[in-house]
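The values are calculated or read from the model by the stated rules, or taken from the named source; none is laboratory data. Computed from a predicted model, the values in this text were never measured in an experiment. Cβ placement follows ideal geometry from the backbone for every residue including glycine, while neighbour counts extend to all protein chains displayed. Accessible surface areas use protein heavy atoms only, side chains included; no ligands, DNA or RNA. Shrake-Rupley method; radii C 1.70, N 1.55, O 1.52, S 1.80 Å.
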Amino acid sequence: MTVEAEITDPGERELLDRVPTQLLLGDGWTDAAGGARFAVTDPATGAVLAEVADAQPEDGERALAAADAAQASWAATPPRERGEILRRAFELVTARAEEFALLMTLEMGKPLAESRGEVAYGAEFLRWFSEEAPRISGRFATAPDGKSRLVVLKAPVGPSLFITPWNFPLAMATRKVAPAIAAGCTMVLKPAALTPLTALLFADVLREAGLPDGVLTVIPTTRAGAVTGPLIRDPRLRKLSFTGSTEVGRRLIADSAEQVLRVSMELGGNAPFLVFDDANLAKAVDGAVLAKMRNGGEACVAANRFLVQRGIAAEFTRRFTERIGRFRIGRGTEDGTTMGPLVDGATRDKVAQLVDGAVADGARLALGGRRVDGAGYFYEPTVLADVPADATILGEEIFGPVAPIVVFDTEEEAIEIANSTPFGLVSFAFTSDLNRGLRLAERLDTGMFGLNAGVVSNPAAPFGGVKQSGLGREGGFEGIEEYLETRYVNIADPFGPEE
Ligand code: SIN
């Protein structure tokens, strides 16, 4: 981006001046070692929003030391107290929803309406896990031979490192932080360098909600590997949770092997979206628009491949293209904007390359297909029709507003195409046949499935994938288990003979 811009809006300036820009370490806000800082920019204009402290390896070490020091007393804090901190945080985030929404729009680019949606979604993890904290429980049993009693206990895993992405700067943090607080784990949070401001404001809110010093430290950095690598190899760390690409996740899993860390990995996707001839077409088009365009397509759950049965393919493509054509590109703060910029130049280049490659592979450009000239990383919403089954784009996670459509004939063929990927995060299908829906639920090889639904994300549900889309679940009853160890006590038979 070449255009230099400045923040001139007084409301934006006032908010940016209030957001913390230092690291949060065990004893509060502090500068990075050597005073290092980096610029956070607005992807719609290139304007510098803030200069943020750039954590160095010694800051990472201080963060982990703080998490380690706070672990025992935090684990001993009554669950109800931990839950009440989360509940207060839910209320504070909700009361300050407009600030969080504006900040996310400024640093990540999505339209304000989408940011507001993310604030509500992200806050719900705080509320859900505030309710889970007092419900952590174990069990008691008589051993099958009757000779002893078995007590099963749950204990916090311990200091945890969170590496969060730029696409949902608040929700991906609350989805990890809230269950860890509920379970009694201390945390080091490394937010994405493109969007650290939301995480810093969130940390400030948690402090206001009563989170004790050291329980959460926040270390934005442009030196991710140099800062987090030593933490992952440090025996004080007990858990790593990462949301991001499969490529990086694979490396982190390998690094985690050294200390045999518990890992949760929420990795890439290649979601198939199936539309059958018997689907309610209007609902299928609504679902398809949502599944593709939520977050401008920058979501690992975004529909990546539209598989449409031949009988309705032409009409689906016509209606879907018409709806996608209504999206209005602009800075996310502007009235009427329904799609913001992509987050950076590399993301836009990748999207452009995939579209050009698809056209070279024989796809027909039904809409869009170009970068938007001028400031900002804008790319036109794009529909690719008649995409050949072997086109490269179908094997890649697009992470942008591009919808490739492939035609199929039979249910069997659709399932085979849908499953022909190493990824298995989510799938979607629209059909009026409930038996078919149940067959698909069992045969589509993904951790989540939207049946006649274009979105699956819900704080009360276990979010996560199979195959190379990850390990572990976030949200739901399952989400807190990622932060709990199971321990067992064998009690000798109370009725046995006295020695
Ligand atoms: C993601 O894209 O990483 C998460 C999306 C969601 O939670 O819905």
Which of rounded, prolate, oblate describes region 434-475, given a ≥ b ≥ c as roots of the alpha-carbon gyration tensor eigenvalues and a/c under 1.5 marking rounded, otherwise prolate only if a/b is larger than b/c? oblate
Across region 487-494, in residue order, what do the Karplus-derived ³J(HN,Hα) couplings come to in whole Hz, using 6.51 cos²θ - 1.76 cosθ + 1.60 with θ = phi - 60° and x for Gly and Pro? 10, 9, 10, 9, 10, 4, 3, x
Net charge near Gly158 (other residues with Cβ under 11 Å of its Cβ; Lys, Arg +1; Asp, Glu -1) is +2
17 Å cut-off, amide nitrogen to a point 7 angstrom out along Ala346 Cα→Cβ, residues in region 92-128: 108
Taking a ≥ b ≥ c as the square roots of the eigenvalues of the Cα gyration tensor, with a/c under 1.5 meaning rounded and otherwise prolate when a/b exceeds b/c and oblate if not, the chain is oblate
Full-extension gain in nm, Arg236 to Ala36, via 0.36 nm per residue minus C-alpha separation: 69.4 nm
Average Cα contact separation per residue, region 271-458, under 8 Å, 6 or more apart, as relative contact order %: 29 percent
If a paramagnetic tag sat 7 Å from the Cα of Glu258 along the Cα-Cβ line, which residues of region 43-78 would have the backbone N under 13 Å from that point? none
Cα centroid separation - region 298-342 against region 466-499, whole Å: 43 Å
With every protein chain in place, the accessible area of Lys467 for a 1.4 Å probe, in Å² rounded to the nearest 10, comes to 90 Å²
Run the Debye formula on the Cα coordinates of region 27-154, all scatterers equal and no solvent, and tell me log10 I(q)/I(0) at q = 0.09 1/Å. -0.48
Can you list residues whose amide H is under 5 Å from Ala303's amide H, if they're 5+ apart or on another chain and H is modeled 1.01 Å from N? Lys292
Just how many pairs of Lys in the chain have C-alpha atoms closer than 21 Å, counting pairs that are eight or more places apart or on different chains? 10
If I model a spin label at Arg436 and Ala492 as a point 7 Å from the Cα along the Cα→Cβ vector, what separation in nanometres do I get? 6.6 nm
So, over other residues within a Cβ distance under 13 Å of Gly249, counting Lys, Arg +1 and Asp, Glu -1, the net charge is -1
Mean Cα-pair separation over length for the chain, i.e. relative contact order, pairs under 8 Å, 6 or more apart, %: 18 percent
Could you work out the helix-only [θ] at 222 nm for the chain, with each DSSP H run of four or more residues adding -39,500 (n - 2.57) and the total divided by the number of residues, to the nearest 500 deg cm²/dmol? -12000 deg cm²/dmol
May I ask you to derive the FRET efficiency for Ala224 and Glu131 from their Cβ-Cβ distance with R0 = 22 Å, giving the value to the nearest 0.05? 0.05
Using θ = phi - 60° and the Karplus relation 6.51 cos²θ - 1.76 cosθ + 1.60, list the HN-Hα couplings for region 409-416 in order, rounded to whole Hz, with x at every Gly or Pro. 10, 10, 4, 4, 5, 4, 5, 5
Sorting Leu126, Gly138, Ala180 by the position of each Cα along the dipole of region 41-191 (Lys, Arg +1; Asp, Glu -1; all at Cβ), the one nearest the positive end of that ordering is Gly138
